[in-house]
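Contents: one structure, followed by commentary.
Computed from the coordinates by the stated procedures, all read-outs in this text should not be read as laboratory data. Keep in mind it's a predicted model, so treat the numbers as computed, not measured. With ideal geometry, Cβ positions are generated from the backbone for all residues, glycine too; neighbour counts draw on all protein chains shown.
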There are 2 protein chains.
Amino acid sequence: MKQKQRYFCGVDFGGTSAKIGIVDEQGKLYGTERLAISAGQSYEDIFGMVAHCIRRRSRQLGANLTAIGVGSPGFIDRTEGRVIQGSENLPAFKNRSLVKYLHEDFLLPVFADNDANCAAAGELQFGVGVGYDSFVMITLGAGVGGALVLEGRVFRGTRGLAGEIGHICLDAHGPFCTCGSRGCFEQYANAAAIERSYREKIEKRRGTPGTGARGTGAPGRRGSGRSVSGGKVSDSPANGGSISAESVFLRSRSGDPLAGEVVRETAWHIARVFGSLVNIFNPQACIIGGGISAAGEQLLQPVQEYIADFAWPLPLEGVKIHSAELHNDAGVLGAAAQCLDRLKS
Amino acid sequence: MKQKQRYFCGVDFGGTSAKIGIVDEQGKLYGTERLAISAGQSYEDIFGMVAHCIRRRSRQLGANLTAIGVGSPGFIDRTEGRVIQGSENLPAFKNRSLVKYLHEDFLLPVFADNDANCAAAGELQFGVGVGYDSFVMITLGAGVGGALVLEGRVFRGTRGLAGEIGHICLDAHGPFCTCGSRGCFEQYANAAAIERSYREKIEKRRGTPGTGARGTGAPGRRGSGRSVSGGKVSDSPANGGSISAESVFLRSRSGDPLAGEVVRETAWHIARVFGSLVNIFNPQACIIGGGISAAGEQLLQPVQEYIADFAWPLPLEGVKIHSAELHNDAGVLGAAAQCLDRLKS
């Protein structure tokens, strides 16, 4: 007998919106809907709106939901789905359960996890992680998220706080991080770091972007994010003043050697972290997700090259380096995918 | 009905001997026996001798064995118990299974794992790890071993090679490590590093050990392990020339300020690694084992202090730092304990 199709709802909270979609077991997404959220809304307002949307969409689709999965930034408590920390943009969520309201409303299993763990669940169920039993994943964006898939499941740790790969210490005397520690991986590989690094290279070498020529003036101040010596610096893209991390990758592809250096340096930091994690976990794969992972081979190739400097050859044997496969809808797909992961007995 | 007592045999291979003992489920060890092994002996010779000893001891004890556990240095393959790498002292083991001979001989379940994983199994079943569901463990000695206990079991990774915490990169430009990478944790916390650090401090500061006085000569060459500038350096313990890591800890306890600095620096590196691991795993505890862990509070106290610099406060909440509890017989107890760990369904 053919088994009945199961449907899951994914709710992906961002800083200013919730994105909602219904997904089947094969990862087919039946459209998404974005609800705007303002910082002033109450917990009940937000979840009332979300519940209404879920109910309407599942009725339209004629889909009986099996479970609902919620993804959110921050530290999410493992047992109650409480937001313990890190939801500054949605103050109504602080210390509230992301599970309770929807569970009471739908009388269904509801799960919640942070966005990086959801992203890993998404790749594991529907993306490049299908078929792997173990991988480490990082998500590169404004922050650097991380997640571990061990023995076929997302590993969540004692309280659900595991996976903070962005906060491995790379330099105990490095720049202070948002977490309060110094020299965390995040400080070397998030979007701001990529942008700053490119801007500084341009300013300090005094060349035109794309030439890589070394200038003659005094070097700019290190770590200031903006040179203050030797004249005015404009914000025009011509000197990299307001260049996004994505466009640094674009410029590298177009042959800009300074952008190329930044990409390789970013890859080097990623390779260092992956190398240590290969030694610790002996995984089958390392996956790069988040907006920056769209760079694809441009980033994977140097990571693949540099990782040999940091991993023991034996556990590195056969380890694959991938970009995430779920792109625009990774948040909703991942939030839904965690249901499949967590319903495993 | 009272359940029948189960007995396990632990076989702990070192570089020149095998230590064998029978252990009950409560961790009571019924004596141990040490068999000398020479590098020239064949696989069959070694295991024939080991099997004979196991048979004799279990008969004397009237104990029906439930399983046999083998511990060994090196990378041990997860499925077949093969020594893939790292048994240079026992060339007969290279690429041979540590499980096969004993299994064929006794027709019992036989398990094999590397010594650090066994040490963690020992603490989990019989030591300071009892009652914990998750912890990270390092063993400090000639090398730095590591192991992860996750969700109540030793985590072994895809091929059984997981846990190489000693090979987390602390400085990508640091000294080359035996593994081929640079700046591994092992290079900052093994016995040789502790000894060298103490020796260099004494030589470079030119004071009498215990005074910490700074000398007037040129500083010694960094990383050479021996100062070559400014006169002859003898190997007498008076200037630290042949001081063991253990005695550096002893000297620190007796108030030697240079030894105290070395202990604190060692603790700082350990805290850095534990801090990153707390962020990655969200464990309940961090355990320090190996010979150096006998230092106890002397090492734990500064690790406890420094770890806050490296871990996110939330996952660090409630994390305990312990010394291992199993000392002299940790190898045999751990080798036997892995049977309990691996027989869990």
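Relative to its Kirkwood radius, the Cα radius of gyration of chain A gives an Rg/Rh of 1.01.
Relative contact order of the stretch B:1-156, taken over Cα pairs closer than 8 Å and 6 or more residues apart, is 18 percent.
If r is the Cβ-Cβ distance from B:Ser254 to B:Glu297 and R0 is 22 Å, what FRET efficiency results, to the nearest 0.05?
Here the calculated transfer efficiency is 0.90.
In which sequence would A:Lys28, B:Lys100, B:Lys344, A:Lys204 go, from the one with the fewest C-beta neighbours within 10 Å to the one with the most? Walk me through the intermediate numbers first.
Working: A:Lys28 12, B:Lys100 16, B:Lys344 7, A:Lys204 20.
Lowest count first: B:Lys344, A:Lys28, B:Lys100, A:Lys204.
Full extension of the chain between B:Arg55 and B:Thr16 gives 11.9 nm of extra length, using 0.36 nm per residue less the Cα-Cα distance. By other beta-carbon atoms within 10 Å, ranking A:Leu29, A:Leu148, A:Leu61 with the fewest at the front produces A:Leu61, A:Leu29, A:Leu148. Both radii were evaluated on the Cα set of the stretch B:1-83; the Rg over Rh quotient, with Rh as the Kirkwood radius, amounts to 1.00. Residues of the stretch A:16-40 with an amide N closer than 18 Å to a point placed 7 Å from the Cα of A:Gln3 along the Cα-to-Cβ direction: A:23-28.
Residues considered: B:Leu258, B:Leu108, B:Leu326. Largest GNM mean-square fluctuation over chain B, using C-alpha springs under 10 Å, is found at B:Leu108. Hey, which aspartates and glutamates would be in cross-link range of B:Lys201, C-alpha to C-alpha under 15 Å, not counting anything within fewer than 8 residues on its own chain? Cross-link targets: B:Asp235, B:Asp256, B:Glu261, B:Glu265. Take the residue pairs A:Lys320/A:Lys344; A:Lys4/A:Lys100; A:Lys94/B:Lys344; A:Lys344/B:Lys28 and return only those whose Cα atoms are more than 32 Å apart. As for pairs spanning more than 32 Å Cα to Cα, those are A:Lys94/B:Lys344; A:Lys344/B:Lys28. Ordered by the count of other Cβ atoms within 10 Å of each Cβ, fewest first, B:Thr158, A:Thr16 give A:Thr16, B:Thr158. About its Cα centre, the dipole of the protein assembly as shown is roughly 620 debye, where the only charges are +1 on Lys and Arg Cβ and -1 on Asp and Glu Cβ.
Summarising the amide proton neighbourhood of A:Phe155: residues at separation of 5 or more, or on other chains, whose placed amide H is nearer than 5 Å comprise A:Leu148, A:Val149, A:Leu150. Secondary structure note: in chain A, about 55% of the DSSP beta bridges are antiparallel.
Here the scattering of the protein assembly as shown is modelled by Debye summation over its C-alpha atoms, one equal scatterer each and no solvent; at q = 0.11 Å⁻¹ the log10 of I(q)/I(0) is -1.19.
Pairs of Cα atoms nearer than 8 Å and 6+ residues apart set the relative contact order; for chain B it is 19 percent. Here is the tail figure for the stretch B:79-133: Cα pairs spaced more than 16 Å apart come to 55 percent of all pairs.
With the simple spin-label model, which puts each label point 7 Å out from Cα in the Cβ direction, the B:Phe176 to A:Asn89 separation comes to 4.7 nm. With both residues required to sit in the protein assembly as shown, DSSP beta bridges show an antiparallel share near 55%. Of B:Ala285, B:Ala119, B:Ala308, the residue with the greatest mean-square motion in the GNM of chain B, using alpha carbon springs below 10 Å, is B:Ala308.
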